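Here's the structure, in structure tokens; my notes come after.
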Amino acid sequence: MNKKWVQISILILGITIIVIGLVGLYNNRNVEQSETINQSINQDVIGSKDVTMLPIPALLEDENDDENIADFSLVVQQGKTNFLGDVLTPTLGYNGNFLGPVIKVKRGEIVNMHVRNKLSDSTSVHWHGLEVSGPDDGGPHQVIDQGTLWEPSFIIDQQASTLWFHPHVIGTTSIQVYYGLAGLIIVEDEFSDALNIPKDYGVNDIPLIIQDRSFNNDGSFNYTTNMMNGVIGDTILVNGAITPTLNVNQINMRFRIVNGSNARNFNLELSDQKEFSQIASDGGFLEKPYVENALFISPGERAEIIVDFSRYEEGDVINLQSGNELIMTFVVGGKSKDLTEIPDVLVKIEAIDESKATSIKTIELDGMGHMVSLNGRKFDMNRIDDNVELNAIEIWEITTNSTMMGRMGHPFHIHGTQFQILSRNGNEPGDNEKGFKDTVFVGPDETVRIIVQFKNKGVFMYHCHILEHEEAGMMGQLEVK
Ligand code: C2O
Ligand code: CU
Ligand code: CU
């Protein structure tokens with residue numbers, strides 16, 4: 001009797017082990033298969049095994065079942081990341097080791113954020129480009145002390161766009177961003193839904209967070225202030241991988257590009273100088289695609305482009321570069337059915353009415369390195385520089401002055417609103433600058449006139465998005481009442 005039971009038990013145990021083994025094998029095989037497909041293309045074409053594939057940040061899970069309400073959790077944490085192969089780099093990330101997930105929301109949605117700070121330092125999470133009230137903006141006044149939870153709530157009320165989030169605490173913004181704190185926000189609306197553009201996230205709709213970094217021999221980041229122009233690195237990361245590769249089929253591919261560098265401008269072009277279509281700037285779609293063969297993008301700015309890979313042959317290798325510097329590589333695969341298009345018209349943009357402007361303000365961006373100022377002074381957390389009435393429309397004339405130290409441009413950013421560019425040095429802006437913007441590059445000795453409406457109450461920052469300049473005081477704050 002006993003013996004029989006022992007035999008049956010052994011039999012059941014055996015079958016269980018075999019079943020578990022088979023399931024494991026099957027799953028593994030699937031993973032390996034997709035990895036081999038990626039690698040075989042690279043090895044054939046590039047002949048190297050040391051290719052880093054472009055990481056695609058995960059979409060953050062919405063924890064709320066209600067279609068009109070979203071709950072998102074972010075944990076700000078320390079980690080270690082393998083960029084270099086043989087050593088680990090101490091890094092910071094949201095819900096991971098480096099960078100963060102993509103938060104996808106839709107216009108009209110109520111969003112509740114739950115941000116837990118597990119760093120050994122305070123932080124804040126600023127939603128760059130999001131039109132929300134001051135207390136929800138995540139600027140220097142919304143410090144999240146270590147170990148605590150910050151839970152802002154807001155309604156998404158702006159057009160489809162690619163925004164981003166990053167820390168904004170006084171004194172540690174630049175270093176926290178450098179160590180990895182940055183993530184993307186994708187806003188969708190009825191227009192982005194209706195357009196027949198590539199919009200399958202991770203498939204033909206790909207984020208590219210471009211950053212420059214430097215490393216020490218032990219693998220740690222080398223955050224050294226060449227304080228003149230801010231911190232410039234010698235190594236390019238895209239989505240947290242060094243000059244990675246993406247395999248693409250012969251289809252339209254949409255890229256949501258963020259310049260997440262602390263200080264560096266990029267002038268992005270394809271290695272064959274072929275054209276691509278810019279479809280969006282910081283605040284959403286342009287009226288129509290802008291065909292260009294170079295895209296200038298300064299820190300904080302975003303642009304969406306569509307590259308038509310159907311003009312290439314299988315096996316072609318195309319680099320994305322900035323000047324002589326490699327950013328990343330595209331390896332072209334086979335033909336594949338593509339139902340997307342680059343439409344002639346994207347959206348209708350209402351020009352903000354200049355005659356409704358109630359004041360004209362001047363912003364002077366001066367200096368370099370630590371010697372920077374905005375309108376002749378440095379940032380003071382306890383000083384409100386401008387008072388603005390709710391819904392007021394204003395014209396701002398932003399200028400950069402050359403100093404004895406030379407001349408340089410500054411990417412100028414305003415929180416909590418999307419503005420329009422009226423002119424650049426007295427000339428009409430280019431067609432790719434006629435959409436909504438929250439950050440505009442003001443070149444050396446340039447004057448850029450913008451028109452802006454303040455539709456949200458509270459205290460908001462405006463500053464140079466070279467993070468070292470911001471830290472050194474090239475920032476002011478306005479209060480909308
Ligand atoms: Cu991207 Cu004040 O921020
Ligand atoms: Cu911002
Ligand atoms: Cu600056």
Next item on the list: Select from Leu54, Asn387, Ile251 the residue farthest towards the positive end of the dipole of the chain; place +1 on Cβ of Lys and Arg, -1 on Cβ of Asp and Glu, and compute about the Cα centre.
Entry: Leu54
Next item on the list: Please work out how much accessible surface His415 shows to a 1.4 Å probe, ignoring ligands, DNA and RNA, in Å² rounded to 10.
Entry: 0
Notebook entry, point to check: Counting DSSP beta bridges in the chain, what percent are antiparallel, to the nearest 5?
Noted result: 70
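Which percent of the accessible heavy-atom area of region 154-218 goes to carbon and sulfur, probe 1.4 angstrom?
Working: 940 of 1880 Å².
Carbon and sulfur together cover 50 percent of it.
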Note to self: I need to check one value: relative contact order of region 87-145, counting alpha carbon pairs closer than 8 Å and at least 6 residues apart, in percent.
What the structure shows: 22
Notebook entry, point to check: Can you tell which of Ala182, Ile156, Ile297 lies farthest toward the positive end of the dipole of the chain, using +1 and -1 charges on the Cβ of basic and acidic side chains (Lys, Arg; Asp, Glu)?
Noted result: Ala182
Check: Roughly how tilted is helix 2-46, in degrees to the nearest 10 and between 0 and 90, from the longest Cα axis of the chain?
Finding: 50
Notebook entry, point to check: Which FRET efficiency value, to the nearest 0.05, is calculated for Val291 and Ala194 with the Förster distance at 25 angstrom and r the Cβ-Cβ distance?
Noted result: 0.65
Next item on the list: Compute the semi-axes of the equivalent ellipsoid of the chain, taking the square root of 5 times each eigenvalue of the Cα gyration tensor, and list them largest first in whole Å.
Entry: 41, 27, 24
Note to self: Quick query: amide H of Asn249 versus all other amide H atoms, modeled in the peptide plane; which residues come in under 5 Å with a sequence gap of 5 or more or a different chain?
What the structure shows: Gly333
Check: How large is the charge dipole for region 383-481, taken about the Cα centre, if only the Cβ atoms of Lys, Arg (+1) and Asp, Glu (-1) carry charge, to the nearest 20 debye?
Finding: 200
Checklist line | Pairwise label distance in nanometres, Ala351 with Lys274, each label 7 Å out on the Cα-Cβ vector | finding: 3.6
Next item on the list: Name the residues whose placed amide hydrogens come within less than 5 Å of the amide hydrogen of Ala160, ignoring near sequence neighbours (fewer than 5 apart) on the same chain.
Entry: Asp189, Ser192
Note to self: Within 13 Å, Cβ to Cβ, of Asn265, how many net charges do the neighbouring residues add up to if Lys/Arg are +1 and Asp/Glu are -1?
What the structure shows: -2
Note to self: Can you work out the Karplus-derived ³J(HN,Hα) for every residue in region 336-347? Use 6.51 cos²θ - 1.76 cosθ + 1.60 with θ = phi - 60°, whole Hz, and x for glycine or proline.
What the structure shows: 7, 4, 9, 9, 7, 9, 9, x, 6, 10, 9, 9
Notebook entry, point to check: Between Lys481 and Asp234, 0.36 nm times their residue separation minus their Cα-Cα distance comes to what?
Noted result: 84.5 nm
Next item on the list: Using a 1.4 Å probe over the heavy atoms of the protein chains, calculate the carbon and sulfur portion of the accessible area of region 338-471 as a whole percent.
Entry: 48
Next item on the list: For n ≥ 4 DSSP H runs only, could you compute -39500 (n - 2.57) per run for the chain, divide by its residues and tell me the 222 nm figure to the nearest 500?
Entry: -4000 deg cm²/dmol
Next item on the list: At most 10 other Cβ atoms within 10 Å and a DSSP loop assignment: could you name the trypsin sites (Lys or Arg not before Pro) in region 297-403 that fit?
Entry: Lys337, Lys348, Arg383
Next item on the list: Would you mind checking Lys274/Lys437; Lys361/Lys455; Lys361/Lys437; Lys80/Lys199 for any pair whose Cα atoms are more than 21 angstrom apart?
Entry: Lys274/Lys437; Lys80/Lys199
Item checked: For Phe165, distant residues with modelled amide H under 5 Å away -> His128, Gly183, Leu184, Ile185
Margin query: Testing the spin-label approximation: label points 7 Å from Cα along Cα→Cβ at Lys361 and Ile242. State their distance in nm.
Written below: 4.4
Item checked: Phi-based couplings in Hz for region 207-218 (Karplus 6.51, -1.76, 1.60; Gly and Pro marked x) -> x, 10, 8, 9, 9, 10, 9, 10, 10, 8, 4, 7
Notebook entry, point to check: To the nearest 10 square angstrom, what accessible area does Ser120 show with a 1.4 Å probe?
Noted result: 80
Margin query: Could you report the chain's accessible area per residue, 1.4 Å probe, as an integer in Å²?
Written below: 43
Next item on the list: Quick one: order Ile155, Ile209 from most to least accessible surface, probe 1.4 Å.
Entry: Ile155, Ile209
Next item on the list: May I ask you to derive the relative contact order of the chain, considering only C-alpha pairs under 8 Å and at least 6 residues apart, and to give it as an integer percent?
Entry: 14
Next item on the list: Treat each spin label as a single point 7 Å out from the Cα along the C-beta direction, and report the Ala58 to Glu341 distance in nm.
Entry: 3.8
Margin query: If you count only protein heavy atoms and use a 1.4 Å probe, how large is the accessible surface of Leu326, to the nearest 10 Å²?
Written below: 70
Margin query: Between Asp145 and Asn112, how high is the FRET efficiency from 1/(1 + (r/R0)^6) when r is the Cβ-Cβ distance and R₀ = 25 Å? Nearest 0.05.
Written below: 0.80
Notebook entry, point to check: For region 131-137, in order, what is each residue's ³J(HN,Hα) by Karplus, 6.51 cos²θ - 1.76 cosθ + 1.60 with θ = phi - 60°, in whole Hz (x at glycine and Pro)?
Noted result: 8, 10, 6, x, x, 9, 6
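The values are calculated or read from the model by the stated rules, or taken from the named source; none is laboratory data. Keep in mind it's a predicted model, so treat the numbers as computed, not measured. With ideal geometry, Cβ positions are generated from the backbone for all residues, glycine too; neighbour counts draw on all protein chains shown. SASA here: full protein model, heavy atoms, side chains in, ligands and nucleic acids out. Shrake-Rupley method; radii C 1.70, N 1.55, O 1.52, S 1.80 Å.
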